[in-house]
1. Obtain the nm distance between the two label points defined at A:S34 and B:L162 by a simple spin-label model: each point lies 7 Å from its Cα along the Cα-to-C-beta direction.
2. Restricting to DSSP loop positions (anything but H, G, I, E, B) with no more than 14 other Cβ atoms inside 10 Å of their own Cβ, which trypsin sites (Lys or Arg not before Pro) remain in the range B:383-435?
3. Can you tell me the length gained on complete extension of the stretch B:K284 to B:V623, counting 0.36 nm per residue apart and subtracting the Cα distance?
4. To the nearest whole percent, what portion of all C-alpha pairs in the range B:133-184 is separated by more than 14 angstrom?
5. Which stretch or stretches of the range B:745-774 have amide N atoms under 20 Å from the point lying 7 Å from B:H270's Cα along the Cα→Cβ direction?
6. For peptide A:13-20, how many partner chain Cβ atoms fall within 10 Å of a residue's Cβ, on average?
7. I'd like the orientation of helix A:33-42 relative to chain A: the angle between its Cα long axis and the longest Cα principal axis, in ° from 0 to 90, rounded to 10.
8. Between chains B and A, what is the buried accessible area in Å², counting both sides, with a 1.4 Å probe and ligands, DNA and RNA left out, to the nearest 100?
Amino acid sequence: MSSNDTERLHPKHSLWDLQSGETGIVERLECLGSLRRRLLDVGFVTGARVQCVGKSPHGDPKAFLVRGAVIALRSEDGKKILLE
Amino acid sequence: MGLSGNSTGFGVWKANLPTKGNRKRKKPQKIQTVEKRIAIAGNPNVGKSTLFNELTGLHQHTGNWTGKTISNAWGYYRGNASSYVFVDIPGTYSLLAHSAEEAVARNFLCFGKIDACMVVCDATCLERGLSLLLQIMEIVPKVMLCVNLMDEAERKHIYVELNALREKLEIPVIGITARKRDCRELVLQGLEELLGENESSASKPENSQSVSSTPTGSDTAVITYAPAIEKMMASLLPLVRPIVNHRLPARWFCLQLLLGDTSLLEETGHYLAENKSLSSQTLKEIKHMSDSLLQAAGFTSETLADSIVFSLADRAAQICQDAVSRNRSNNSLKDTAICGHETCPLRNTCSCGQSSSLRKNTVPYGHSASPCGNASLSSRAIPPEQRIDRLLTSRLLGYPLMALLLLVIFWLTIVGANYPSQLLTSLFAWVESRLARGAEALGLAPWLRELLVSGIFRTVAWIVSVMLPPMAIFFPLFSLLEDVGYLPRIAYNLDYCFKKCRSCGKQALTMAMGFGCNAAGVMGCRIIDSPRERLIAILTNSFVPCNGRFPTLIAMISLFFIGGAGGALELGSSLLAACCLTCFILLGILMTFLFSGLLSATALRGLPSSFVLELPPFRKPRVGQVLLRSLIDRTLFVLSRAVLAALPAGLCIWLMANLHLGKESLLNLCAGFLDPLARPLGLDGTILMAFLLGLPANEIVLPLVFMAYSGAGSLQELAGFETMKEILITHGWDWTTAVSVCLFSLMHWPCATTLLTIHKETRSVKWTLLSILAPLSAGILCCMLFHAVAGRQP
């Protein structure tokens, strides 16, 4: 039930793999240009702690808590944020 | 220009005069008077506009969502000691701008010749606001930090140490709650402090550039970047300094050179070349040098930006670590319990406002204090707003709740509007009879009497009595939703559908603005980054009925579907009416999706771009203020526009009804001419003519229909709903005609104001024409289809 911290923190590859309530730490962004800047702006910086806080009815835009604000992302964009 | 919401705000009209510094560029010396120019900057949705309203008393419309302010708004404050010009600039996450409204913000900060900048931060996510603050501090020498939403932070047990912030940042810092009235004094005090100290130390009356004369400005480093970047900047600085000539901070300019944002560099080039002779050659040389430096250091523009943003975020986190504390004694679970375990009820817990200072000392999953499955503990640990959010966006209830909310709003509108409408109608009927008698007593000529009373007064009376009650109920309700913060949730819920149509979820926000006014909705499309998706949103905006068309829909439905005789509305029939209205709106939304998809597949081919939308926390609406604002801003404005547009149109109809060509009146001739076109749609020539004449304002379509019918001599006095229905029925209406009118009203050409706005936004006749064709073709198709199915049955 209570597995160790490291395992819980590291099993996911991208932000999109997080389920509601799970937390991860951003490693890098796999995108360029305006999307990259936008993501950096709202707080998806290397080392930032991100928590998935919910899904939309279709499960596609998911909501992530990062640096105190809730940001909605689509799957295409979420998959470009890689976690530690 | 826009009509409702923020676009009717006085500020926007002013803002349109000096945008982008064009005016300032021409005569830089003239502006410098006693008034100090203060920019209000900050992240989106931190309450800049609220603070701005509070400071200036201007009624700029505010809402709880990102992108509400799309251009600079100007307001004045004149106090005893000093006068200020406050400029509310669009919210931005950073100054590395990418969307149109963010570029507006950045350019204003760089070239707007401001005396000081007030950066507004949200106390519940201070860290992110601080990144922006640091960037602004690099450009603007005099910066004040306003930590807003202190009350909300307190509720979330987040405590901001203002003194610690002040020490760290070395700028004035104030803590405010902009929604309460106490903030003005605090802000003014802060500004005194900020501007006062400067005047003693460095006063150069001749120089309009405050940037130049301050010690804090150009060269002191606000943040230290990575060593490699600092090294590059050090080698660029000696070259840059003579160019910027104290007009822009040299360090900041170096950074921009390295980043190579071409649009900004161009702007800067223009700005610097204005007074001093700066050849583009020099700029090019330096640019070349910075590029080679970048290459030598092994940076690409992406890694450079990353590094810069990382330094900013890191510094912001450091500051926050010292300045933000959380009271854990109250509810320790709330802060620490985040469980990824599937069956644990605590996994839903949100640690709102968690800052990175907590990153190190929080153990996210070791919630040993709260054993899994302890329901009472966990329910206490989930913040109520998080639970509401989950409900509103849940798989099962997300869509039904949206429809239900729409239904409830419509139902309240229909039920609530019924009585005042009847009352107003009988009141105006009484006034009209008096007027008629008065005119007779004055001995006016019969034709003039007719013109004044039947032509003008009746139109105005009709519009007011039919439009005012529903609008006065619908808009405040809608504004309340906006103020609470529900609109971004709609965008969040609907984004999947928009993605399927290869467009952007933010289109839902522009649609919501379209409910108020399509012209405002079209302007609001600026919040969409991708030009292709923005164009789709603009072209499909008029599928959402604006307030001009709502009364038509409501009147049709209440006349023909609920038979509101005698004013007594039964619950069942009013619900039915609300359902009908909701169905029409849903049809409009469906059409939006359909045409968005169609456009994406044909004229505007392309892949969906990204969707990054902030979902702000729910906020308690300020009911009184919202009611007042929506009444003044939207209702009365739209009503007066309707009346103004109706007067000439009413005159036109009256003249057409009374001018005769041969035996037939002009009206009948025109109606007869249009009749063959209108019949297949289930309409008649008069209705189609009313729609055509209603181009300046859709509000007047139904009044025009009545006037055309009554102008033919069947209505002597303005009367209640029952009589109206009788008139319509004697002119061959039945319920299918009513449905056709609703359909056509929902989907025909946008009004003239909207068309002008579309032309202004797209700068293209082609797209403007398409914006007429798209809804018109849909309307014709729907009407013909409906007529073919329903019209055949006797």
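The values are calculated or read from the model by the stated rules, or taken from the named source; none is laboratory data. Predicted model, so just to flag it, every value in this text is computed and none were measured. Every residue, glycine as well, gets a Cβ built from its backbone with ideal geometry; the counts of neighbours run over all protein chains shown. Quick note on the areas: whole protein, heavy atoms, side chains included, nothing else; ligands and nucleic acids left out. Shrake-Rupley method; radii C 1.70, N 1.55, O 1.52, S 1.80 Å.
1. 3.9
2. Counting only loop positions with at most 14 other Cβ atoms within 10 Å, the trypsin sites (Lys or Arg not before Pro) in the range B:383-435 are B:R395.
3. This chain segment gains 116.4 nm when fully extended.
4. Values: 749 of 1326 pairs.
Distances greater than 14 Å cover 56 percent of the Cα pairs.
5. B:760-764
6. Across A:13-20, the average partner-chain Cβ count within 10 Å equals 1.
7. For helix A:33-42, the angle is close to 50 degrees.
8. Numbers: alone 33760 and 5450 Å², together 34460 Å².
It comes to approximately 4700 Å² buried between B and A.
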